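> Mind having a look at this structure? Questions to follow.
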Protein chains: 4
Amino acid sequence: MNFASDNVAGASPRVMEALVAANAGSQRAYGADDHTARVEARLKEIFERDLSVFLVATGTAANALALATLCPPWGAVLCHAEAHVAEDECGAPEFFTGGAKLVGFPGRLGKLTAEEIAAHLAAPTGRPPHQVIPSALSLTQASEAGTVYTPDEIATLADIARRHGLGVHMDGARFANALVRLGVSPADMTWRAGVDVLSFGATKNGCLAAEAVIVFDRDKAAHLAQRRKRGGHLLSKGRLLGAQFDAYLADGHWLDLAARANAAADRLAAGLARLGCRVALPVEANEIFVFLPQAMDEALRAAGALYHPWVTSSLPEGVAAGEGEVLVRLVTAFDTAEAAIDRFLAVAGGQAAA
Amino acid sequence: MNFASDNVAGASPRVMEALVAANAGSQRAYGADDHTARVEARLKEIFERDLSVFLVATGTAANALALATLCPPWGAVLCHAEAHVAEDECGAPEFFTGGAKLVGFPGRLGKLTAEEIAAHLAAPTGRPPHQVIPSALSLTQASEAGTVYTPDEIATLADIARRHGLGVHMDGARFANALVRLGVSPADMTWRAGVDVLSFGATKNGCLAAEAVIVFDRDKAAHLAQRRKRGGHLLSKGRLLGAQFDAYLADGHWLDLAARANAAADRLAAGLARLGCRVALPVEANEIFVFLPQAMDEALRAAGALYHPWVTSSLPEGVAAGEGEVLVRLVTAFDTAEAAIDRFLAVAGGQAAA
Amino acid sequence: MNFASDNVAGASPRVMEALVAANAGSQRAYGADDHTARVEARLKEIFERDLSVFLVATGTAANALALATLCPPWGAVLCHAEAHVAEDECGAPEFFTGGAKLVGFPGRLGKLTAEEIAAHLAAPTGRPPHQVIPSALSLTQASEAGTVYTPDEIATLADIARRHGLGVHMDGARFANALVRLGVSPADMTWRAGVDVLSFGATKNGCLAAEAVIVFDRDKAAHLAQRRKRGGHLLSKGRLLGAQFDAYLADGHWLDLAARANAAADRLAAGLARLGCRVALPVEANEIFVFLPQAMDEALRAAGALYHPWVTSSLPEGVAAGEGEVLVRLVTAFDTAEAAIDRFLAVAGGQAAA
Amino acid sequence: MNFASDNVAGASPRVMEALVAANAGSQRAYGADDHTARVEARLKEIFERDLSVFLVATGTAANALALATLCPPWGAVLCHAEAHVAEDECGAPEFFTGGAKLVGFPGRLGKLTAEEIAAHLAAPTGRPPHQVIPSALSLTQASEAGTVYTPDEIATLADIARRHGLGVHMDGARFANALVRLGVSPADMTWRAGVDVLSFGATKNGCLAAEAVIVFDRDKAAHLAQRRKRGGHLLSKGRLLGAQFDAYLADGHWLDLAARANAAADRLAAGLARLGCRVALPVEANEIFVFLPQAMDEALRAAGALYHPWVTSSLPEGVAAGEGEVLVRLVTAFDTAEAAIDRFLAVAGGQAAA
């Protein structure tokens, strides 16, 4: 009953098997291996266009490299106040950009609103060169609050950004979960909606360590190879990343994995709702933010359930923990067993009944 | 016949099996997994002391983090002019230190000499604060020229460094190869000889992507956790690194792997010598620098042999490519098959005979 | 009628005369001149303790160097949301710290409140090393809203900071104006209240370009000399800075200058109040934030008056521009002529009468 | 008898008078003053073309900003091994570029040779992205060895640089001294010979603190305003820099000052030669590198003469200090009195006679 995060899982069996298979024999180093080449080709198909790909091992690296590509040292990245890039990367974007500012906005349900971004960019920016220059907009899809932007919402935000000269970054640590939920194409959720650079996450959804920085316009990828090497993120045995991604993307495996995680989240959320727990935020990917009665929380923890208590400013207006309630985050993954969910609900239910 | 590098190999079967085994089930994220804990304990045994360990996926990351820990932005790192940190990391040490200088020395046979370091540090450093402050000495063991420092040589250099206030870093991308060749203990080759921070490489010697920054004095590791996270080098599914290292270090596996690579190098070097090729540098680890007659080089390449031509200033005095000779680097690994060596020699010999 | 800023003035005649006098003859370079030595001695007297001094030419340099001394790259600086360091230095603190975060708070009347800082620091900081470490608190005295912190307020904030391991910085671009207004000693307004590093401004108050980074605890000044040189802020002809400060500090000249600027602000504010204009914020230094009827604003500008319209979130609760009113900032300096004030008021009054 | 440096002098009387005159009254801040505007116009005339100007207070700031404009973090700056940017700025170029490498060449008589630069750039640069990218060439005119590049030498070097995609920087801390010596036009010594960005020094030659970054192609100056502000180098009372430069450039004053310094150097060098001292390097600007007999050195120091002993690798082949000789550097300035030279020579001569 480990719902602490989707990074407590290992890799999917298919990904692992591919890794084992790729391990044999000699391969060219530094990303010149066959697996990586195949991944690049596959991503072009999936996104229906030419693009540049840079594989790395962590989401923080992907985000920081992506933002450094879009934002100069004297620039600002506009993002949600609770964005992973702003709150959970120990300043990696500041490090890789050479000291840019991350400007956080309250948003709504974990998502940036067009109104706040438009208002910020419309405000007089003062006398240059005293203020930093807004240079990038960063969206998280699915968001840190487990919600997703529709392609229209992305397009609206990207359009505002573009009109003010900003590049658009999408932190897709849970890209597949959002995509599957929306039922749209990868192209529609990204470049067709105005996204310039995507952190395409695979680690949380069935790989061990595999993320891709995808730059849709090759011209904007200038020197990303240098940035990656200089950041220590060019793996010598590149097959490690290539082979994971290769299996992950083959035959829609990545979509299946995300569908499983999302379905598990739905099952869990529905079960909790049946027990009378208030789900605090819409469950639009594989994360559930829910208020648990304190006794239920204690019973679950006593039974060995793992998950994090949560503090967020993204709750809908008027929604807050009641007396004796605690807000928690539950995350499902591709490998979340129905049995684990059912056991979790049974423990919770025993308590609810009490 | 791929002798291009020791990073064209995959992982050793034992390491791969461990990874597969570690993949199952839930584990705590971000290095709080059981494998990583076991690795830390094992490293303390191996090095016969308390120490701090930070696992990362690349040697460049390990080196850059290690140097940033020892050298402030206004510092200088003294290293061999052909050191990997100086020449092959696209400025990663500069990036992670915040702009320190790498000062390269010609050395001898790929190794720094006590004389040149002592002379540099004895020179008047001018009026502070106009000059940067020599802050770290970085040794590569085995060196980029395939040679190794004896513990005495390390101790002599480290002693000079220490007397001038410098910390000592060892780039151990081929640590095991050097260790096995010298037949000394890990402690004798590092902290007992004065090394403060070690980049303990495992990728080239049987892992897929596994390096450890080892800080022998815990006090000097302050904020390395932050530096690693901020650099994007804290893997969420830390078991990937933990499991590789766990198997690598168990039962002396790592030493066996290095012994195999070294033996392969010896066999290859001896065979080439028998064919009349001049070996340009002592073969003290798993790299061979050898002059090949041009026709032999062509025959080998025609037969599919892979290796790099080489340019270096580390050759012994008076040693240089003769008319019609080409200097090449041949690298063996734990998985280099005797058959591959023999076939290489046969092709070379056919040519030699001609 | 130039009330645009206190940096539209030149130097006070005494400062200028000192500069002329100091210009003659040879002097040792790089701050080893006699003037600079005298300034250091004088500052120790004025602040009643031993301290380290680093003269620079700009307030941005002083602030950025000060913050870099207190805050590591993975740290956060807590400051007012409208602090100069956060909003008006194009990211200089981020640059000099190597990428730290500036975390802005709404404050009240331009000043940080103990409540918001205590609450922020009391909140769980999450799992290290994912979040940056709050490392410095930065106060502006006088504040960007023209208000001043009392020594007690400073002590309360500094005490909270210190208990959480943060260093305390004071941006004293208008230090003298605040000091004179409060009528306390420099020691009481700084280190006795818990300030660790002070940006001691002189440019706005009678110098041409002269700021001092004052570190009260010498141990905390380690490598500030290197930071300054590396930042390009060590003047070769150091007498330029030394001579200005020498005259500025002699015989309480600096206090006289500030008293003049403050008195001019009072006269101007009182006059405007008499004309029925609402002063928006307490006038506690040499800045006036006042609502002008639009017609008055137009008449003043037509008459050649110079000043900036202003946007701020620091207004007292419930205070806002009324219909047809514009918020403006008026800044007086040591050289603001009574005649200029009276003329300004006359123009405004003509309009008020109309 | 202070020959320690040309920064032990104050400003020329004309510059000082201009500063006093400029001090009166209000002026727009941050470089929007009339003086600065006039300086820009004058520089366009002097250099016979459109250009961008950024005034700063130190040569280190000018150099670091200039190099940061030409060289990305993953780039290399090729320069003389004894260049000020490499040896005497405590890593300012590394700081401002975000961690670029400075690659030093031995040169000849303090000047880079076309051969060494061409050879370096012709060498295979290895596999991208492992190596940094040569991005800028930096020449010092006059050089750190007191020699000057002819326009032809500059053009040859710049042409090599340009063919390999490098920008060309000139560190003109002693620009005027070189120019006057060569008797060529500022345009011929810079952009017509291929210089992209010039650090135009005035501090050493008659100002107190005044340097200009001059970018000949406006397109290459993008964001230099942000870099300057962010570096803390935008003075609020910009008239300080504007007024100095205004007087410095008026009526050829700057050329007269340099001519005086050069003439003083010639007189001093000739006198020493007459006394039998060996001048170690050609005197082509205002610096003399000369071997003094030890007794003469002692007598001079006893008489109060100030100058630095020197260590350099730039001496002509075969030239070295003889038994009992010491190499020293003597620097003259615009204000070096003939009397001081004659007294110096008299003391030296007394000793020489002995």
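Values in this text are rule-based calculations from the coordinates and carry no lab data. Please read these numbers as outputs of a predicted model, since none were measured by experiment. All Cβ positions, even for glycine, are placed from backbone atoms using ideal geometry, and neighbour counts span all protein chains on display.
> Using θ = phi - 60° and the Karplus relation 6.51 cos²θ - 1.76 cosθ + 1.60, list the HN-Hα couplings for region C:196-203 in order, rounded to whole Hz, with x at every Gly or Pro.
Ordered by residue, 3J(HN,Hα) equals 8, 9, 10, 8, 9, x, 10, 4 Hz.
> Please find, among residues of chain B, the one with the beta carbon closest to the rotation axis relating it to chain A, distance in whole Å.
Reported as residue, whole Å: B:Ala57, 2.
> Any chance you could check the Cα centroid distance between region B:75-102 and region B:21-55 for me, in angstrom?
A separation of 29 Å, based on Cα centres.
> Something else about it: Among D:Glu325, D:Glu317, which comes first, then next, by fewest other beta-carbon atoms within 10 Å?
Values: D:Glu325 18, D:Glu317 7.
Starting with the residue having the fewest Cβ neighbours, the order is D:Glu317, D:Glu325.
> What ³J(HN,Hα) values, in whole Hz, does the Karplus curve 6.51 cos²θ - 1.76 cosθ + 1.60 give for region D:26-39 when θ = phi - 60°, with x put for Gly and Pro?
Per-residue couplings from phi come out as 8, 9, 5, 8, 6, x, 8, 7, 5, 4, 5, 4, 5, 4 Hz.
> Can you list the residues, at least 5 places off or on another chain, whose amide H is less than 5 Å from the amide H of D:Gly75, using H built in the peptide plane?
D:Lys101, D:Ile133
> Please report the antiparallel percentage of DSSP beta bridges with both residues in the protein assembly as shown, rounded to the nearest 5.
Working: 88 of 168 bridges.
The antiparallel fraction comes to roughly 50 percent.
> In addition: Mean separation of Cα pairs under 8 Å and 6+ residues apart, divided by the residue count of chain D: what relative contact order is that in percent? Spell out each step's value before the answer.
Values: 732 pairs, mean separation 87.8, N = 354.
Averaging sequence separation for qualifying contacts and normalising by length gives 25 percent for chain D.
> Round to the nearest 0.05 the FRET efficiency obtained for C:Glu323 and A:Val311 when R0 = 41 Å and r is the Cβ-Cβ distance.
Details: r = 41 Å, r/R0 = 1.01.
Once the sixth-power term is evaluated, E becomes 0.50.
> Calculate how many DSSP beta bridges within region C:12-253 are antiparallel, expressed in % of all such bridges and rounded to the nearest 5. Could you put the intermediate results ahead of the total?
Numbers: 11 of 30 bridges.
Bridges in region C:12-253 are about 35 percent antiparallel.
> Expressed as a whole number of Å, what is the distance separating the alpha-carbon centroids of region D:149-224 and region C:280-323?
Centre-to-centre distance over Cα atoms comes out at 47 Å.
> Sorting A:His169, C:His308, D:His223 on the 10 Å Cβ count, fewest up front, what's the list?
By the 10 Å Cβ count, ascending: C:His308, D:His223, A:His169.
> Let me ask something else about it. Each label point is 7 Å from the Cα along the Cα-to-Cβ direction; what then is the distance between the points at D:Ala337 and D:Ala303, in nm?
For D:Ala337 paired with D:Ala303, the spin-label model returns 1.5 nm.
> Once the other residues with Cβ under 11 Å from the Cβ of A:Leu327 are scored (Lys, Arg +1; Asp, Glu -1), what is the net sum?
0
> Would you kindly work out, in nm and rounded to one decimal, the distances from the label point of D:Val103 to those of the same position in each other copy, ordered shortest first, with label points 7 Å along Cα-to-Cβ?
Result for D:Val103, in nm, nearest copy first: 2.0, 4.0, 4.4.
> Another one. Can you list, shortest first in nanometers, how far C:Ala263 lies from the same residue in the other copies, with each label 7 Å from Cα toward Cβ?
5.2, 8.4, 9.5
> What does the C-alpha gyration tensor say about the overall shape of chain C? Classify as rounded when a/c is under 1.5, otherwise prolate if a/b is larger than b/c, or oblate. Each step should come with its number before you reach the end.
Values: a/c = 2.04, a/b = 1.20, b/c = 1.70.
Cα axes put chain C in the oblate bin.
> Placing a label point 7 Å from Cα toward Cβ, how far apart in nm is D:Glu45 from its equivalents in the other copies, listed shortest first to one decimal?
From this label point to the equivalent ones elsewhere in the assembly: 4.8, 7.0, 8.3 nm.
> Quote the FRET efficiency, to the nearest 0.05, computed for A:Gln294 versus B:Ala21 with a Förster distance R0 of 25 Å and r equal to the Cβ-Cβ distance. Write out the running numbers ahead of the final one.
Details: r = 39 Å, r/R0 = 1.56.
The formula returns an efficiency of 0.05 here.
> Taking a ≥ b ≥ c as the square roots of the Cα gyration tensor eigenvalues, with a/c under 1.5 meaning rounded and otherwise prolate when a/b beats b/c, else oblate, which class fits the protein assembly as shown? Present the calculation step by step, with values, prior to reporting the outcome.
Working: a/c = 2.02, a/b = 1.13, b/c = 1.79.
Cα axes put the protein assembly as shown in the oblate bin.
> Can you tally the net charge around D:Leu70? Count Lys and Arg as +1, Asp and Glu as -1, for every other residue whose Cβ sits under 9 Å from the Cβ of D:Leu70. Before the final figure, lay out each step's value.
Details: positive: D:Lys220; negative: D:Asp196.
Residues near D:Leu70 contribute 0 overall.
> Spelling out what I want: for every residue of region C:164-172, take phi, set θ = phi - 60°, compute 6.51 cos²θ - 1.76 cosθ + 1.60 (Karplus), and round to whole Hz; glycine and proline get x.
Computed from phi, the couplings for region C:164-172 are 9, x, 8, x, 10, 10, 10, 8, x Hz.
> While we're on this one: In terms of the Cα gyration tensor, with a ≥ b ≥ c the square roots of its eigenvalues, is region A:255-353 rounded because a/c is under 1.5, prolate because a/b exceeds b/c, or oblate? Don't skip to the answer; put the middle values down first.
Numbers: a/c = 1.88, a/b = 1.17, b/c = 1.61.
Note, shape of region A:255-353 comes out oblate.
> Could I ask something else about it? Would you order A:Thr312, D:Thr203 from fewest to most other beta-carbon atoms within 10 Å of each residue's own beta-carbon?
On the way: A:Thr312 15, D:Thr203 25.
Ranked by crowding around the Cβ, least crowded first: A:Thr312, D:Thr203.
> Near B:Pro129, within a Cβ-to-Cβ distance under 12 Å, what is the net charge of the other residues, with Lys and Arg +1 and Asp and Glu -1? Provide the component values of the computation, followed by the final result.
Numbers: positive: B:Arg127, C:Arg227, C:Arg228, C:Lys229, C:Arg230; negative: D:Asp88, D:Glu89.
It works out to a net charge of +3.
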